[in-house]
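Report on the following structure.
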Protein chains: 4
Amino acid sequence: MQTMNVKLNQSEKIIEAAKAKAKEIGVAMNIAIVDEGANLKCFLRMDGALLGCADIAIKKAKTSRFFDIDSGEIGKLSQPGGSLYNIEHSNGGLISFAGGVLLKDRNNKSIGAIGVSGGSVEQDREVAIAGANALQNRS
Amino acid sequence: MQTMNVKLNQSEKIIEAAKAKAKEIGVAMNIAIVDEGANLKCFLRMDGALLGCADIAIKKAKTSRFFDIDSGEIGKLSQPGGSLYNIEHSNGGLISFAGGVLLKDRNNKSIGAIGVSGGSVEQDREVAIAGANALQNRS
Amino acid sequence: MQTMNVKLNQSEKIIEAAKAKAKEIGVAMNIAIVDEGANLKCFLRMDGALLGCADIAIKKAKTSRFFDIDSGEIGKLSQPGGSLYNIEHSNGGLISFAGGVLLKDRNNKSIGAIGVSGGSVEQDREVAIAGANALQNRS
Amino acid sequence: MQTMNVKLNQSEKIIEAAKAKAKEIGVAMNIAIVDEGANLKCFLRMDGALLGCADIAIKKAKTSRFFDIDSGEIGKLSQPGGSLYNIEHSNGGLISFAGGVLLKDRNNKSIGAIGVSGGSVEQDREVAIAGANALQNRS
């Protein structure tokens, strides 16, 4: 069973793109990348970024890779009365709001995920997507 | 006090039946069995099954045996305002949606539980029940 | 970065071979397999196997894959005065005595690990090696 | 009370210097930086670096900053019979062998720490020092 894993040079490009977007919108962010096995590959906390958002960024990335979906999609199903209510108690703690985005290879297969936390969830997601897009644009 | 415990050969039949059902409906599943003491007896992650669902399958089985009830029944009582609100915080983390099903002996006494995760909760439950039924059908 | 992962049908053959060896030497064992990302793939507790050895079997497999080496080799370095003294406190708890053995593909690359616990460490290791050999012998 | 904290641009220089040294000696490393509050600031896992050494790199950095000393110095006191025997049980797990090195400002005040893991402890320490020196050499 062949699997692909996000590489360090890819991770560095992704982090740089996310950081550039964070600066552009003026929000200090925590940015995390996990690999195909949901293990931490890269992490960066920008100066002044909220301290508690470091763990959230890492958990968003893990949540996304754990279920092969953007983290915010999990949150739609984990609300009271939802089919996945309180799924956040699994896997050492999930974060199920937006800001965790999958990293996919050319064949649309997940090779890891990026998680961003520090601003509003919309801002977090915008920065995560900017990071993920840097992977797609690789030549 | 005599206690009955799910045996390995029973567990293997249960897992096989659950795996067959998972293949039949075309969903890669994580399948876990715990014994009468809620301790892990067997576990299997099918190729391509979601990574984060391994812990969920195990927690569903444990939740079911911890409270001697299908895991989804707990979720009905753990909603905001419910009598067991946020019970998921106990026992190292519960999973209270469907997919955890009790394993019972001929005298209707619990001897363990099966937990399944990887598809929709309906699919998870269907596969768990197929597994549990393999125990009932034993000759 | 291409990686290989132990497959379910391989894992089942490995578990069967380990179980056969355990029966041959007359010791009830806990047998665990983790994949390339050190995540649990398969687990089995034989009837009568020591309860506390379930977690040990899983941690031996993880320890082996975490450091790409047989678990007992870590223990040689983690003794008082050794270069890796008390490394066992990392990664949520390691088990650094024998019984964790790497699973390697034809190119000698790790694709996972097996961990066995329930007997003496020599017996544990013998059973783990019997399991790992089943992978090498695949046609 | 004014506190100084390692900044992101400093952390990036430190990580780059450590990575360059790791490449020079030909060992794939995990490299972590924590700030003055012992909270994760930056992390990087080189391609092929041992999976279990990620947590160790982070714990080395934290151990160093927790006690304002190189991590290996703690290990000298935590041996059986030593004054800090088994201190590794504190703070969610310490790593007390070499590879964690303090980051100090011009006034010799700690502003964080770097932790490196992936090679021998001597190699880990060499890479950590190369990283820490990049901070001292700043103009």
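The values are calculated or read from the model by the stated rules, or taken from the named source; none is laboratory data. Here the structure is a predicted model, which means the values were calculated and not measured. Please note: Cβ atoms are built from the backbone with ideal geometry, for glycine as well, and neighbour counts cover all protein chains shown. What goes into the accessible areas is simple: the full protein's heavy atoms, side chains included, and nothing from ligands, DNA or RNA. Shrake-Rupley method; radii C 1.70, N 1.55, O 1.52, S 1.80 Å.
Listed here are the residues, each with its yes/no results for (1) within 30 Å of residue D:63 (Cβ to Cβ); (2) not charged (D, E, K, R).
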| site | (1), (2) |
| --- | --- |
| C:76 | yes, no |
| C:87 | yes, yes |
| C:98 | yes, yes |
| C:102 | yes, yes |
| C:105 | no, no |
| C:114 | no, yes |
| C:118 | no, yes |
| C:129 | no, yes |
| C:133 | no, yes |
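So residue B:66 ticks every box in (1) under 21 Å from residue B:130 (Cβ atoms); (2) outside any loop (DSSP other than H, G, I, E, B) but one. Which box is left unticked?
(1)
Got at least one residue in the range D:115-137 being modelled with pLDDT under 95 and open to solvent by 60 Å² or more (accessible area, probe 1.4 Å)?
Scanning the range D:115-137, I find at least one residue that is modelled with pLDDT under 95 and open to solvent by 60 Å² or more (accessible area, probe 1.4 Å), so the answer is yes.
Within the range B:96-107, count every residue that is over 20 Å from residue C:43 (Cα atoms) and crowded, with 22+ Cβ neighbours inside 10 Å.
Our first condition is that a residue be over 20 Å from residue C:43 (Cα atoms); within the range B:96-107, this holds for B:96-98, B:104-107.
Subset that is crowded, with 22+ Cβ neighbours inside 10 Å: B:96-98.
Looking only at that region, the number is 3.
What are the residues in the range A:3-39 that are within 23 Å of residue B:50 (Cβ to Cβ) and either in contact with a strand residue (DSSP E or B) (Cβ under 6 Å, 6 or more places away or on another chain) or more than 14 Å from chain C (Cβ to nearest Cβ) (or both), if any?
Residues satisfying the conditions are A:3, A:4, A:5, A:6, A:11, A:14, A:32, A:33, A:34, A:35, A:36.
Identify all residues within the range A:49-60 that are under 16 Å from residue A:95 (Cα atoms) and buried (at least 20 other Cβ atoms within 10 Å of the Cβ); write none if there are none.
The answer is A:53, A:54, A:56, A:57, A:58, A:59, A:60.
State whether one or more residues within the range B:37-48 are of a type in the set (A, V, I, L, M), surrounded by fewer than 21 Cβ atoms within 10 Å (Cβ to Cβ), closer than 30 Å to residue A:35 by Cα and modelled with pLDDT of 95 or more. Don't jump to the end; show me each part of the working.
We begin by selecting, within the range B:37-48, every residue of a type in the set (A, V, I, L, M); these are B:38, B:40, B:44, B:46.
So of that shortlist, the ones also surrounded by fewer than 21 Cβ atoms within 10 Å (Cβ to Cβ) come out as B:38, B:46.
Pick out the ones that are also closer than 30 Å to residue A:35 by Cα and you get B:46.
After this cut, where a residue has to be modelled with pLDDT of 95 or more as well, the list is B:46.
There is at least one residue in the range B:37-48 that is of a type in the set (A, V, I, L, M), surrounded by fewer than 21 Cβ atoms within 10 Å (Cβ to Cβ), closer than 30 Å to residue A:35 by Cα and modelled with pLDDT of 95 or more.
Identify the single condition in (1) open to solvent by less than 20 Å² (accessible area, probe 1.4 Å); (2) of a type in the set (Gly, Ala, Ser); (3) modelled with pLDDT of 95 or more that residue A:110 does not satisfy, given that it satisfies every other one.
(3)
May I ask you to list pairs of residues, at least six apart or on different chains, whose Cβ atoms are under 8 Å apart, with the first in the range C:73-95 being more than 20 Å from residue C:115 (Cα to Cα) and the second being open to solvent by 20 Å² or more (accessible area, probe 1.4 Å) and of a type in the set (Gly, Ala, Ser)?
Within 8 Å, the pairs are C:83/D:120.
When only residues in the range B:85-106 that are part of a strand (DSSP E or B) and not aliphatic (A, V, I, L, M) count, which is nearest to the other protein chains (Cβ to nearest Cβ)?
The selected residue is B:100.
Can you confirm whether the range A:61-84 contains a residue that is surrounded by 18 or more Cβ atoms within 10 Å (Cβ to Cβ), away from chain B (no Cβ under 14 Å) and not small (Gly, Ala, Ser)?
no
Kindly provide the set of residues from the range A:40-60 that are within 14 Å of chain C (Cβ to nearest Cβ) and basic (Lys, Arg), ordered by number.
Listed by number, the list holds a single entry, A:41.
Could you identify the single residue in B:32, B:38, B:54 that is on the phi < 0 side of the Ramachandran plot and outside any strand (DSSP E or B)?
B:54
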